[in-house]
Amino acid sequence: MEILIRNKKHLADAAEKFLKNYGEHRIFAFYGSMGAGKTTIIKAICKALGAVDIVSSPTFTLVNEYRTSNGETLYHIDFYRIKKQEEVFDFGIEEYLTGESYCFMEWPELVEEILPEETVNIRISVDENEQRILLIS
């Protein structure tokens with residue numbers, strides 16, 4: 001599936017479309033270059049899920065936990081600073097990947113081999129008009 005985000009005004013609609021098609025899944029891996037919009041898109045999805053906490057990049061904390069208005073937990077993980085795969089086991093990656101909560105991951109390249117088979121992969125590219133294209137598989 002492909003979702004086109006023409007500009008920031010279309011983020012909410014894109015998030016709704018994404019959840020309509022993939023909301024029953026729980027593990028999501030976001031791929032894209034620096035500045036492609038991974039965090040911005042995850043923010044829009046969390047907002048559509050009812051997040052009441054401020055959604056921000058977990059680059060320095062590695063994992064951010066958000067709550068929704070109905071008490072659900074959302075996890076946002078950023079592997080950008082991870083140097084070795086062993087580091088993800090130190091912070092308990094297994095719990096995030098096997099739980100019932102939504103788990104959104106940025107820079108998952110380092111941990112691909114441990115991701116569950118049912119992980120939804122989202123590849124974000126930016127076209128010449130600065131539109132974001134989400135290719136979802």
Subject >> Residue among ILE124, ILE54 that is in contact with a strand residue (DSSP E or B) (Cβ under 9 Å, 6 or more places away or on another chain), modelled with pLDDT under 90 and either more than 23 Å from ILE3 (Cβ to Cβ) or among the β-branched types (Val, Ile, Thr) (or both) >> reply: ILE54
Original post:
Quick one: which of TYR75, TYR102 is among the aromatic types (Phe, Trp, Tyr), free of Cβ contacts under 8 Å to residues at least 60 places away in the same chain and within 23 Å of ALA15 (Cβ to Cβ)?
Top reply: TYR75
**OP:** Go through (1) within 21 Å of GLN131 (Cα to Cα); (2) touching a residue at least 12 places away in the same chain (Cβ under 8 Å) one by one and return the number of the condition ARG26 breaks.
**Re:** (1)
Subject >> Restricting the range 65-102 to residues that are more than 21 Å from ILE41 (Cα to Cα) and polar (S, T, N, Q), the residue that is surrounded by the most Cβ atoms within 10 Å (Cβ to Cβ) >> reply: GLN85
Subject >> Top-ranked residue in the range 12-23 [being part of a helix (DSSP H, G or I) and free of Cβ contacts under 8 Å to residues at least 60 places away in the same chain; ranked as surrounded by the most Cβ atoms within 10 Å (Cβ to Cβ)] >> reply: ALA15
Subject >> Residues located in the range 40-72, provided they are assigned to a strand (DSSP E or B) and touching a residue at least 24 places away in the same chain (Cβ under 8 Å) >> reply: VAL63
Original post:
Of (1) exposed (fewer than 14 other Cβ atoms within 10 Å of the Cβ); (2) assigned to a loop (DSSP other than H, G, I, E, B), LYS9 satisfies all except one. Which?
Top reply: (2)
Subject >> Output for the range 57-73, where each listed residue is closer than 18 Å to GLY37 by Cβ and touching a helix residue (DSSP H, G or I) at 6+ places or on another chain (Cβ under 9 Å) >> reply: SER57, PRO58, THR59
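The values are calculated or read from the model by the stated rules, or taken from the named source; none is laboratory data. Not measured: the values here are computed from a predicted model. Heads up, the Cβs are rebuilt from the backbone with ideal geometry, glycines too, and the neighbour counts pull from every protein chain shown.
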